[in-house]
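Visitor: Below is a structure I'd like to ask you about.
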Amino acid sequence: MKALPRGTVHGLLFLIVLTLLVHALSLVPFLHDLRLSPMVLGVIVGMILANTVRSKFPESWDGGLKIASKQILRAGIVLYGFRLSFDTLLAVGGGAILIDVIIVAGTLILGNYLGRALGLDKDERLLISSGSAICGAAAVLATEPVVGAKPHKAVVAVATVVLFGTLSMFGYPLLYRAGLLDALSPQAVGVYTGSTIHEVAHVVGAGAAMTPDIQSSSVDIAGIATMTKMLRVLMLAPVLMILGYIMRRGSADSATSGKIQVPWFAFYFLIAIGINTLLGMGAEHIGQVAAYHQLTHIIEVIDGFMLAMAMTAIGLDATFAKFRQSGAKAFLLALGLYIWLVGGGYILARLLA
């Protein structure tokens with residue numbers, strides 16, 4: 001195996017140190033309460049550096065930054081599968097499954113047509129739509145290599161899902177306490193929350209704020225919301241495969257068709273989910289559930305660091321000059337999708353949950 005150039009190694013080491021600082025920053029009480037994950041903070045810190053001191057970095061570091069935003073990113077998406085289990089399909093029920101399918105498909109289709117009307121290119125439409133439809137920043141990260149998008153476009157997409165996801169995390173509990181969700185049963189509120197809010201962390205935060213703080217409550221809104229959200233995340237792999245097929249087919253006659261990559265990591269992502277499901281079943285059978293949880297926690301920590309590292313690298317390539325032109329249109333698309341998620345999701349929850 002060929003050794004990495006020294007400059008590439010230095011670039012990777014710089015990113016590791018920077019990501020450690022990002023993780024420390026995420027523990028600051030104010031940021032922690034906002035549910036800003038290291039992934040999100042990583043892209044923010046990266047953008048700040050990109051627009052201030054990035055030009056002073058040695059060019060030899062670029063190789064390390066590219067490895068982080070490509071190979072490490074894909075490895076992180078695969079390991080993300082160990083956070084999920086196919087048991088989720090059984091836990092949420094048929095109504096929640098149908099709602100999630102409609103939400104994901106509807107958001108992707110609406111995002112494509114609305115984005116085209118706004119003048120956004122295909123990369124921007126797909127990144128923003130996938131982030132809104134599935135699991136926020138993680139979905140944007142996973143979609144970026146499939147469509148071959150420029151890093152700054154991924155940053156714009158992440159910014160939109162963070163904005164509207166944070167708005168939902170605080171807004172949904174306010175609607176709940178104001179009685180504006182009283183037409184929904186507690187279970188339907190959980191399904192509505194999990195099927196429409198962007199980030200997993202935001203779903204957890206909103207669900208916890210709406211779960212009654214009494215022991216006699218038989219409905220855990222936070223639990224239902226989280227399971228419904230996990231089902232949406234499970235849809236990431238098939239969506240990536242479909243997008244990969246569409247991109248290859250659409251570029252078959254173009255000079256760039258060779259650059260569209262088969263999203264093999266999506267298959268590995270599914271395999272990771274399958275392994276995690278079997279490990280969980282096996283651990284329960286032999287009475288080693290605690291050991292299983294310790295193992296998956298270690299994997300989750302490693303995976304979280306890898307994804308934060310990738311996001312930081314992507315942020316370091318995102319100067320304001322690169323996305324100033326599409327920024328306003330991108331946020332208009334994200335706003336349109338947000339209105340669909342809040343309004344359409346509510347109607348679906350009333351009818352099907």
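The values are calculated or read from the model by the stated rules, or taken from the named source; none is laboratory data. Given the structure is predicted, the values throughout are model-derived calculations rather than measurements. Glycine gets a Cβ as well: all are built from the backbone with ideal geometry, and neighbour counts include every protein chain shown.
Visitor: Taking the condition in contact with a Phe, Trp or Tyr (Cβ under 7 Å, 6 or more places away or on another chain) and either free of Cβ contacts under 8 Å to residues at least 60 places away in the same chain or among the basic types (Lys, Arg) (or both), does Leu279 pass? Lay out the reasoning, then the answer.
Guide: On the way: in contact with a Phe, Trp or Tyr (Cβ under 7 Å, 6 or more places away or on another chain): yes; either free of Cβ contacts under 8 Å to residues at least 60 places away in the same chain or among the basic types (Lys, Arg) (or both): yes.
Yes, satisfied.
One line per residue, one yes/no per condition, for (1) within 22 Å of Val101 (Cα to Cα); (2) outside any helix (DSSP H, G or I); (3) at pLDDT below 85:
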{"residue": "Gly131", "(1), (2), (3)": "yes, no, no"}
{"residue": "Ala154", "(1), (2), (3)": "no, no, no"}
{"residue": "Pro173", "(1), (2), (3)": "no, no, no"}
{"residue": "Ala183", "(1), (2), (3)": "no, yes, no"}
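Visitor: Now for a different question. Check Leu90 against each of (1) over 14 Å from Leu307 (Cβ atoms); (2) touching a Ser or Thr at 6+ places or on another chain (Cβ under 9 Å) and name the one condition it does not meet.
Guide: The number of the failed condition is (2).
Visitor: Among the candidates Thr107, Thr88, which residue alone is among the polar types (S, T, N, Q), surrounded by 15 or more Cβ atoms within 10 Å (Cβ to Cβ) and at pLDDT 85 or above? Before the answer, list the steps.
Guide: Values: Thr88 fails: at pLDDT 85 or above.
When all the criteria are applied, what remains is Thr107.
Visitor: Exactly one of these conditions fails for Gly136: (1) in contact (Cβ under 8 Å) with a residue 40 or more places away in the chain; (2) closer than 18 Å to Val203 by Cα; (3) in contact with a Leu (Cβ under 9 Å, 6 or more places away or on another chain); (4) not basic (Lys, Arg). Give me its number.
Guide: Exception for Gly136: condition (3).
Visitor: Let me ask another. Can you name the residue in the range 1-25 that is surrounded by 20 or more Cβ atoms within 10 Å (Cβ to Cβ) and under 20 Å from the mean Cα position of the chain (by Cα) and is also farthest from Val203 (Cα to Cα) among such residues?
Guide: By that ranking, first place goes to Thr19.
Visitor: I've got another one for you. What pairs come out if I take residues in the range 24-53 that are of a type in the set (Lys, Arg) and pair them with residues that are outside any loop (DSSP other than H, G, I, E, B) and crowded, with 16+ Cβ neighbours inside 10 Å whose C-beta lies under 8 Å away, six or more apart or interchain?
Guide: Here the result reads Arg35/Thr166; Arg35/Met169; Arg35/Ala201; Arg35/His202; Arg35/Val204; Arg35/Gly205, each pair linking the range 24-53 to a residue that is outside any loop (DSSP other than H, G, I, E, B) and crowded, with 16+ Cβ neighbours inside 10 Å.
Visitor: Something else now. Can you name every residue in the range 34-71 that is polar (S, T, N, Q), assigned to a loop (DSSP other than H, G, I, E, B) and either over 30 Å from Val204 (Cα atoms) or at pLDDT 85 or above (or both)?
Guide: Asn51, Thr52
Visitor: Could you tell me which of the residues Met235, Met247 is modelled with pLDDT of 85 or more, under 21 Å from the mean Cα position of the chain (by Cα) and not polar (S, T, N, Q)? Step through it out loud before you land on a result.
Guide: Numbers: Met247 fails: modelled with pLDDT of 85 or more.
Unique residue meeting the criteria: Met235.
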